[in-house]
Amino acid sequence: MCSFILLSTSHTPYFALLQAFGDEQVVSQTPLSTAQNWIALNDPAFNEHTSTFTNSDTRQVDAAYEYVFNNLAMSNASSNKLKSFVVLPNFLPTSATSFDKFAGQVSNIIRCIPSVADEAIISTFHPEHVNACTRAPVPILVITRKLPDEDVHNSFQ
């Protein structure tokens, strides 16, 4: 036989939240969902059917390179995914210049890989970018794959 005890609302751990917010919903935002929402609103070239989002909490440059190149390999294997948004909220979050230099080094390495040298374009969004249209709430590295005979330019550059 089971018995249930009904506690009054004032004894539950969520009572303080209920008092503070009433009937309003409390929604937690992760860096990934924040980036997804920002991209959907601010990137005119965004297409949910041909884009992917991934997230890493790395703070180390070697781990960031590894994560980015794993994403490049995955996007290369998937023929219908043309844009990969790599969200790196803890990697250089206060230095847009350093994040851009990291992206530049990723581009330099890509140019040395024959299978992707002419097929991938790297761009960035960052909270501290000078250009307002590339100022995202979290650092995002974008890998845009070109289709053969296609001239793709990032709409923000």
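The values are calculated or read from the model by the stated rules, or taken from the named source; none is laboratory data. This is a predicted model, so every value here is computed, not measured. Methodologically, a virtual Cβ is constructed for each residue, glycine included, from the backbone with ideal geometry; neighbour enumeration extends over all protein chains shown.
Some values worked out for this structure:
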{"quantity": "Qualifying residue in the range 57-78 (condition: modelled with pLDDT under 90 and part of a loop (DSSP other than H, G, I, E, B))", "calculated": "yes"}
{"quantity": "Lone unmet requirement of (1) assigned to a loop (DSSP other than H, G, I, E, B); (2) closer than 15 Å to Asn70 by Cα for Ile122", "calculated": "(1)"}
{"quantity": "Residue that is farthest from Leu32 (Cα to Cα), among those in the range 79-102 that are in contact with an Asp or Glu (Cβ under 9 Å, 6 or more places away or on another chain) and in a helix (DSSP H, G or I)", "calculated": "Thr97"}
{"quantity": "Val106 vs. criteria aliphatic (A, V, I, L, M) and modelled with pLDDT of 85 or more", "calculated": "yes"}
